[in-house]
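K.L.:
Starting off with a structure, shown below.
The values are calculated or read from the model by the stated rules, or taken from the named source; none is laboratory data. It should be emphasised that the depicted structure is a prediction, and the values quoted were computed from it without experimental measurement. Cβ atoms come from the backbone with ideal geometry, glycine included; neighbour counts cover every protein chain shown. The area values use the complete protein model at the heavy-atom level, side chains included, leaving out ligands, DNA and RNA. Shrake-Rupley method; radii C 1.70, N 1.55, O 1.52, S 1.80 Å.
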Amino acid sequence: MSITWYAPLVILVGLGLWLGGDVLGSVVALLFFSLFGGGAAFVLGTTSIQPTSLFQIFLLAHLLLSMFTRTSHVNIGLKTNGYLMFYSIYGAVTAFILPRIFARSMALPPMLINNSDTYYVSALGFSRQNITTAIYMMGTLAASICAGAATADPKSRRVIVNWSILIAWAHVGFGVLGVIATKAGGSAIISFFRNAKYAELNEQTVGFVRMDGIFPEPSSYGAYAFVWFVFMVELWLRQIKPIWTGLTAAALLAVLLACTSTTAYFSLAAYAGVMLARWVIAPGGLQLRKLAVLGFGGLSVICLVLALVAFVPSIAGLLSRALASMTVHKLDSTSGLQRAFWVKAGVVAFVKSHGLGVGAGSFRCSSLIFAILGATGVVGTAAFACVVLNILQPLRAKTYDLSSASRDAVGASAAWAACAGLFPALVSLPSPDPGVLFGVFGGLALGWGYLAEKSRPASPLPALFARRGEVGSPEVAAI
């Protein structure tokens, strides 16, 4: 086992928050450490323990220690996470039981990648990856419970918004630094932060350096950026720190386009489609100036593309080849064929297990939906659907209300960040664990929503038809 510089940093921050901080501060620290997606605090052979995973231990311990002086905030996290609690525990149980039940009944691609064989498979059986995936799923649950508990802090909305802006800009900065360092031969700078034992892909596409920051690959860099992009856009639409959230969203959009990731492009297209559907279903609340900004931004991109085609055809051709290699030609590449093969593994696992699943961590997939389906079967898939619906609450008016006077403007933004933030996972995630960001944003959305409902006067009308424009909480108005 080797220890890196991340470990003492995480330990110092964790101990410092234990002594002089609160659970909200620990949740913010967890979000901060999630920036280092290519880093490792400990390296055990070929296994890397990320700073985020190590800090989750301190976060959970901090929550447990806080129960000696205050239990009401813990109850918020527990009450609001019933569906995720069932899904995570059920998934962890399947990881230990189902691989033994269906042992050697089928051959599936293992969680550990074999780079020498695109279609590598092995006989199904219990392995260390089942244990690892079970731990990750329970870690996501713990993060969500802690985030829900943190919402009891009166300043939680302001703190989360301010730190989210800083973290998003840091991610943008790491992406730009990575490109500059690669071009200037300063790869040692990036290696200092990206020290985990992952397959790092410093790719170039038709001469372009693909932006991956300190993440292992552009796909994971883009997936992380996309969650923060959704959160910033939703906050901007609801007039929460509109200048800062708007600028941050624009910067994140730029790096999402620059990372040339098919996953990022798919996610942007899916989110744009969801936004259009939202405005058709619930057109109210969108300010004219916001619509003008979005329209002007879209027209600017179109004009820029037309200008390149007309006046600089060589650059236009280069860009078109790069875009084609990452989109329409992606399915014919080795990576595309391998991802399709992994997705098929989820279908095979589901069918051959008769809808029961073969256990979390038993095989590698390339889609959250098919990973859940093949690993946890019908029960797990239904449970996770309930988790998403519970967070997003698609039949509630507050989900679509874009007024800054909404009682739960920041909470609704967090709900969209958690759920729409899953778009990259739909085409890239290898396991049924939705991840720490999903857990934190989902827990925040549920906690703030729970507190908003407690302070809301009883209404005789169904929630979907409740009157909009109610006065928001003083704390939201102060952001």
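Residue-wise test of (1) at pLDDT 95 or above; (2) open to solvent by 70 Å² or more (accessible area, probe 1.4 Å); (3) aromatic (Phe, Trp, Tyr).
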site	(1), (2), (3)
Thr47	no, no, no
Ala61	no, no, no
Leu64	no, yes, no
Thr69	no, yes, no
Ser72	no, no, no
Phe86	yes, yes, yes
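K.L.:
I need every pair where a residue in the range 182-210 that is modelled with pLDDT of 75 or more has its Cβ under 9 Å from the Cβ of a residue that is open to solvent by 40 Å² or more (accessible area, probe 1.4 Å) and of a type in the set (Lys, Arg), sequence separation at least 6 or different chains.
P.N.:
So the pair list comes out empty.
K.L.:
Could you list all residues from the range 91-103 that are closer than 19 Å to Tyr136 by Cα and surrounded by fewer than 19 Cβ atoms within 10 Å (Cβ to Cβ)?
P.N.:
Passing the criteria: Val93, Phe96, Ile97.
K.L.:
Given the residues Phe58, Phe42, Phe33, which is the only one that is under 19 Å from the mean Cα position of the chain (by Cα) and either within 20 Å of Ala152 (Cα to Cα) or without any contact (Cβ under 8 Å) to a residue 60 or more places away in the chain (or both)?
P.N.:
Phe33
K.L.:
Tell me, please, whether a residue that is touching a Pro at 6+ places or on another chain (Cβ under 7 Å), within 17 Å of Val436 (Cβ to Cβ), part of a helix (DSSP H, G or I) and modelled with pLDDT of 95 or more can be found in the range 90-102.
P.N.:
Yes, the range 90-102 contains a residue that is touching a Pro at 6+ places or on another chain (Cβ under 7 Å), within 17 Å of Val436 (Cβ to Cβ), part of a helix (DSSP H, G or I) and modelled with pLDDT of 95 or more.
K.L.:
Regarding Trp236, is this residue at pLDDT 95 or above, buried (at least 18 other Cβ atoms within 10 Å of the Cβ) and either among the polar types (S, T, N, Q) or on the phi < 0 side of the Ramachandran plot (or both)? It would help to see each step written out before you state the result.
P.N.:
Working: at pLDDT 95 or above: no; buried (at least 18 other Cβ atoms within 10 Å of the Cβ): yes; either among the polar types (S, T, N, Q) or on the phi < 0 side of the Ramachandran plot (or both): yes.
For Trp236, the condition - at pLDDT 95 or above, buried (at least 18 other Cβ atoms within 10 Å of the Cβ) and either among the polar types (S, T, N, Q) or on the phi < 0 side of the Ramachandran plot (or both) - is not met.
K.L.:
Separate question: Residue check: is Met67 within 21 Å of Leu429 (Cβ to Cβ) and of a type outside the set (S, T, N, Q)?
P.N.:
no
K.L.:
Now a separate question. Tell me, yes or no, whether the range 134-149 has at least one residue that is open to solvent by less than 60 Å² (accessible area, probe 1.4 Å) and farther than 18 Å from Gly435 by Cα.
P.N.:
Yes.
K.L.:
Which of the residues belonging to the range 121-174 are over 29 Å from Leu253 (Cα atoms) and among the β-branched types (Val, Ile, Thr)?
P.N.:
Selection gives Val121, Ile131, Thr132, Thr133, Ile135, Ile145.
K.L.:
Now a separate question. Taking helices (runs of 4 or more DSSP H) that do not extend beyond the range 312-408, which have at least 3 residues that are modelled with pLDDT of 80 or more and open to solvent by less than 10 Å² (accessible area, probe 1.4 Å)?
P.N.:
Counting at least 3 such residues, we get 334-352, 368-392.
K.L.:
So which residues in the range 220-253 are among the small types (Gly, Ala, Ser) and under 15 Å from the mean Cα position of the chain (by Cα), if there are any at all? Please lay out each step first, then the result.
P.N.:
Pass one, the range 220-253, residues among the small types (Gly, Ala, Ser): 220, 222-223, 225, 246, 249-251.
The answer is Ser220, Gly222, Ala223, Ala225.
K.L.:
Please work out which one of (1) under 24 Å from the mean Cα position of the chain (by Cα); (2) among the β-branched types (Val, Ile, Thr); (3) open to solvent by 10 Å² or more (accessible area, probe 1.4 Å) is the condition Ile3 fails and give its number.
P.N.:
(1)
K.L.:
If we keep just the residues of the range 255-272 that are more than 16 Å from the chain's Cα centre (by Cα) and free of Cβ contacts under 8 Å to residues at least 40 places away in the same chain, which is most open to solvent (accessible area, probe 1.4 Å)?
P.N.:
Step by step, filter the range 255-272, then rank; the result is Leu257.
K.L.:
Would you check which residues across the range 154-181 are open to solvent by 70 Å² or more (accessible area, probe 1.4 Å), under 30 Å from Ala452 (Cα atoms) and either at pLDDT below 95 or charged (D, E, K, R) (or both) and list them?
P.N.:
Scanning the range 154-181 gives Pro154, Lys155, Arg158.
K.L.:
Between Leu35, Leu24, Leu31, Leu17, which is more than 23 Å from Tyr224 (Cα to Cα) and either of a type in the set (Ser, Thr, Tyr) or crowded, with 19+ Cβ neighbours inside 10 Å (or both)?
P.N.:
Leu17
K.L.:
Examine the range 453-469 for a residue that is at pLDDT 95 or above, part of a helix (DSSP H, G or I), under 21 Å from Thr151 (Cα atoms) and not aromatic (Phe, Trp, Tyr), and state whether such a residue exists.
P.N.:
No.
K.L.:
Leu54 - would you say it is closer than 24 Å to Tyr224 by Cβ and open to solvent by 10 Å² or more (accessible area, probe 1.4 Å)? Let's see the steps before the verdict.
P.N.:
Working: closer than 24 Å to Tyr224 by Cβ: yes; open to solvent by 10 Å² or more (accessible area, probe 1.4 Å): yes.
So Leu54 passes the test.
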